[in-house]
Amino acid sequence: MPRVLVLATTTGYQTRAFGEAAERLGVELVFATDRCHMIEDPWRDQAVPIRFYDEAAAVSAILSSLQTRPVDGILVVGDRPTVIGARVGEALGLPGHPPRAATAARSKLLTREHLRQARLPTPWFLTTPLGADPVDLSRAIQYPAVIKPLALSGSRGVMRADSPSTFVTAFERLRTLLRSPDVRAERSELHETALIEGFIPGREYAVEGLLHHGKLRPLAIFEKPDPLDGPFFEETIYIAPSTADPQRQTAIVETIAAAAHGLGLVHGPIHAECRVNDDGIFVLEVAARPIGGLCARALRFERDITISLEELLLRHALGEAPDGWQREARASGVMMIPIPRRGILRRVEGIAHAREVPDVEDIRITAKGDQLLVPLPEGASYLGFIFARSEQPQHVDRALREAHARLSFTIEPEIHLSAHATAMNQQLY
């Protein structure tokens, strides 16, 4: 039985989907995750416990675990373990993205520098330490501007500023986020710096693709029908296929391929984002991993059979070329259900009614009851996902929006303990 190493977080949505695809293919999965190493296999997946912030130790632990039973391929799910996966692949002599390229793709600053060196359209940009004076910075930059962290994903911490006063507010907000306990727990030096760049207007697209020994095989071009103009950049709807004219689609794919080449990416999945306007195609990022969350469920591929994105990625990791596989003929899409406000989720109503909307395939609420919901730019998750398929992209768009409109969320304000109550709790426990 062929074996594939999968590097992922313990909370990743795609783990189960990869397990189902592996079972269909007769493939054994070997996991390396950030699970607790103090408890004996708490997730019962026999995963190798690694710490994403200690790359050298993680690579050593994985290689040691594979000495007696090697693997035939590697897949990385999520941004944080991309460099670890690249280093393991290089050590094992397996095809994949080089570590330097994965490092460049992981950092928004290195991505900007590589794209500029590749002579691709790039906004002005600069970096600043978190300890800088935002007032001084606000007087020295052009507007509108965007401030963002170097390594957080999912638009977390990304904010637009149209004036010096809004820039100062955004800078302080980003500084607070990057110094929060959950971000500091990542122990990344990238979180000590902020990136400031010019705002890029235009229509935004996402490209899902597979690099096969240096050649990009585009799998889907997603349209993002909602304008993403700020002040925050919460993604909601992805729809494929794109309705852009063929010439523009070709130009998008060619630009993404040039960006991937400029970063040094060679072999494996990529997920890219770009903005298109009259000045050209501006690549925002080319991540060395597949699309995240449950969004992959919006993609199916056909040849003699119909398969999921996860199955296609496993086949590729085991050496199969992606040639011949085509995205299904029908339009498909996903809505990442946004968090409307901060608070405690008590209940979700209207799910059955929303599922009755024509063309809606499924609704998955991933947030848990009594969970604290945090919207962007501080938040790092969604309420859930809505999936739809139809003959035309506009029908998918309409179905997603109507289903979302039928859902209602009861979110209660947080209860903040007084200083006295907090002290009493500490004495009790």
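Structure above, values below:
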{"quantity": "3J(HN,Hα) from dihedral phi, region 229-243, Karplus parametrisation 6.51/-1.76/1.60, rounded to Hz, x for glycine, proline", "calculated": "10, x, x, 10, 10, 6, 7, 10, 10, 10, 9, 10, x, 6, 9"}
{"quantity": "Apportionment of accessible area to carbon and sulfur, region 143-264, percent (1.4 Å)", "calculated": "52"}
{"quantity": "Net charge of Cβ neighbours under 11 Å - reference ILE256; Lys, Arg +1; Asp, Glu -1", "calculated": "-4"}
{"quantity": "Carbon + sulfur, % of accessible area of region 69-122 - ligands and nucleic acids excluded, 1.4 Å", "calculated": "48"}
{"quantity": "Amide H partners (placed H, <5 Å) of PHE199, local residues excluded", "calculated": "ALA145, VAL146"}
{"quantity": "Note, ³J(HN,Hα) from phi for region 396-404, Karplus 6.51, -1.76, 1.60, rounded to Hz, x at Gly and Pro", "calculated": "5, 4, 4, 5, 4, 5, 5, 4, 5"}
{"quantity": "Sulfur and carbon atoms: percent of accessible area, region 280-429 [1.4 Å]", "calculated": "50"}
{"quantity": "Computed label-point distance, nm, for sites ILE305 and GLU412 using a 7 Å Cα→Cβ extension", "calculated": "4.9"}
{"quantity": "Rounded accessible area per residue of the chain, 1.4 Å, Å²", "calculated": "46"}
{"quantity": "Distance from region 323-349 to region 206-263 (C-alpha centre basis), Å", "calculated": "18"}
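The values are calculated or read from the model by the stated rules, or taken from the named source; none is laboratory data. Nothing here was measured: the structure is a model prediction, and the numbers come from that model. With ideal geometry, Cβ positions are generated from the backbone for all residues, glycine too; neighbour counts draw on all protein chains shown. Side chains included, ligands, DNA and RNA excluded: accessible areas come from the protein's heavy atoms. Shrake-Rupley method; radii C 1.70, N 1.55, O 1.52, S 1.80 Å.
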